[in-house]
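FYI, it's all coordinate maths here, none of it is from the lab. Fair warning: this is a prediction, and the values are worked out from it, not measured in the lab. FYI the Cβ positions are ideal-geometry reconstructions off the backbone, even for glycines, and counts take in every protein chain you see.
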Amino acid sequence: MTSDQQQEHASSTGTASSSAVAVDPPKANAYDSIAEGYTAENETNLLNAYYERPAILALAGGVAGRRILDAGCGSGPLFAALRDRGATVSGFDASAGMLALARRRLGDGADLRQADLGAPLPYPDDTFDDVVASLVLHYLEDWGPALAELRRVLKPGGRLIASVDHPFAVAAMHREAGRKIGYFGTTRWTEEWTLGGQSALVSFWHRPLHAMVEAFTGADFRITAISEPEPDPAARELFPEEIAEKPRFLSFLFFVLHAD
């Protein structure tokens, strides 16, 4: 992966700048301190606003009348888009700061709760037609508890629509940077993100594609789609230089899974 592509990865996660650092896990992934800056970047950048969210919405298709859980909803842009399309949406996030911004966006009546992905979720069994997990699973070392909970709250036949960092892109990024993160292992790395004058440490877990597939099937999901989409057509006008140079690129990988 080129240095430009490495910067793409940083921009995709809303970072103004980033660097790899070593840190204990409890000190990482505290989004409260960068919630405002992260949200501002996420609203309009290429990879979130014109690549990842449009891809999730395209995979979801017609959602009017469906009940959807936004797992790791952040400040609520995907929640809002699904609600605008006629879905009844609930959302949770671990960050109180991000949830405060989501309430500002969505209104006090929005069903928003503070909860950790991978811990027991505050919803009954068989509640949702769909779960969207947008760029959240790759924060977890063990996907098993999270997938079990997401499957529990899905109705029989319900869908989990998930996006994660593309494992090929992550492995290439670290290889080019001289860091010892190979493709086939399950490996953690941490970056320092700086947005709006505030900094936070954010940790990710890289795992190869076969490990992702094994986690999904081990949680009794049936994989019905794996997608590496093109950007939204509007990106060609809004980001002409980036799209002219790289009309297709590896950044995220998308899955549609069914809870049969």
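How long is the gain from ARG188 to GLU228 if the chain were fully straight, where each residue apart is worth 0.36 nm and the alpha carbon distance is subtracted? Before the final figure, lay out the partial values.
Details: separation 40, 0.36 × 40 = 14.40 nm, distance 2.33 nm.
Value of the extension gain: 12.1 nm.
Under a point spin-label approximation (7 Å from Cα along Cα-to-Cβ), what is the LEU238-ALA148 distance to one decimal in nm?
A separation of 4.0 nm, rounded to one decimal place.
Nearest 20 debye, what's the magnitude of the dipole of the chain about its Cα centre given +1 on Lys and Arg Cβ and -1 on Asp and Glu Cβ? Mind dumping the intermediate values first?
On the way: 23 positive and 35 negative charges, 79 e Å.
Dipole about the Cα centre, nearest 20: 380 debye.
What FRET efficiency, computed as 1/(1 + (r/R0)^6) with R0 = 22 Å and r the Cβ-Cβ distance, is obtained for ALA119 and ARG85, rounded to the nearest 0.05?
Working: r = 29 Å, r/R0 = 1.32.
Plugging the Cβ-Cβ distance into 1/(1 + (r/R0)^6) gives 0.15.
Below 13 angstrom from the Cβ of LEU135, what's the summed charge of the other residues (Lys, Arg +1; Asp, Glu -1)? Walk me through the numbers on the way to the answer.
Values: positive: ARG53; negative: GLU52, ASP70, ASP93, ASP165.
Spelling it out: positives minus negatives among the neighbours equals -3.
Who wins for biggest fluctuation among PRO233, PRO120, PRO145 in a Gaussian network model of the chain, springs between alpha carbons below 10 Å?
PRO233
Rank these for me by crowding, PHE79, PHE168, going from fewest to most other beta carbons within 10 Å. Numbers along the way, then the final one.
Numbers: PHE79 27, PHE168 15.
Least to most surrounded, the residues fall as PHE168, PHE79.
So if each residue of separation counts as 0.36 nm, and I subtract the Cα-Cα distance between GLU141 and ASP108, what length gain in nm does that give?
Details: separation 33, 0.36 × 33 = 11.88 nm, distance 3.34 nm.
Computed gain between GLU141 and ASP108 is 8.5 nm.
Can you give the charge dipole size of the stretch 105-260 about its Cα centre, rounded to the nearest 20 debye, using +1 on the beta carbon of Lys and Arg and -1 on the beta carbon of Asp and Glu? Show your work: numbers first, answer last.
Numbers: 15 positive and 24 negative charges, 79 e Å.
Roughly 380 debye, rounded to the nearest 20.
Among ASP126, ASP108, ASP93, whose mean-square fluctuation peaks in a Gaussian network model of the chain (Cα, cutoff 10 Å)?
ASP108
Taking the stretch 206-260, which trypsin sites (Lys or Arg not before Pro) meet the DSSP loop condition and have no more than 13 other C-beta atoms within 10 Å?
The qualifying sites are ARG248.
In whole Hz and in residue order, list the ³J(HN,Hα) couplings for the stretch 61-68 that follow from phi through the Karplus curve 6.51 cos²θ - 1.76 cosθ + 1.60, θ = phi - 60°; x for Gly and Pro.
x, x, 10, 4, x, 8, 9, 10
Classify the stretch 3-259 as rounded, prolate or oblate from the Cα gyration tensor: take a ≥ b ≥ c as the square roots of its eigenvalues, call it rounded if a/c is under 1.5, otherwise prolate when a/b beats b/c and oblate if not. Intermediate results must be reported in sequence, preceding the final value.
Values: a/c = 1.31, a/b = 1.23, b/c = 1.06.
Verdict is rounded for the stretch 3-259.
Going by Cα centres, the stretch 187-218 and the stretch 83-116 are how many Å apart?
23
Please sort by residue number the trypsin sites (Lys or Arg not before Pro) in the stretch 146-218 whose DSSP state is loop and whose Cβ has at most 16 other Cβ atoms within 10 Å. Could you put the intermediate results ahead of the total?
Values: sites: ARG151, ARG152, ARG159, ARG175, ARG179, LYS180, ARG188; in loops: ARG179, LYS180.
Passing sites in the stretch 146-218 are ARG179, LYS180.
With the chain treated as a Gaussian network of Cα nodes joined by springs under 10 Å, which of SER163, SER33, SER134 yields the largest mean-square fluctuation?
Maximum among the listed residues: SER33.
Which ordering of MET173, MET212 is given by a fewest-first count of other beta-carbon atoms within 10 Å? Each step should come with its number before you reach the end.
On the way: MET173 25, MET212 20.
Exposure proxy ranking, most exposed first: MET212, MET173.
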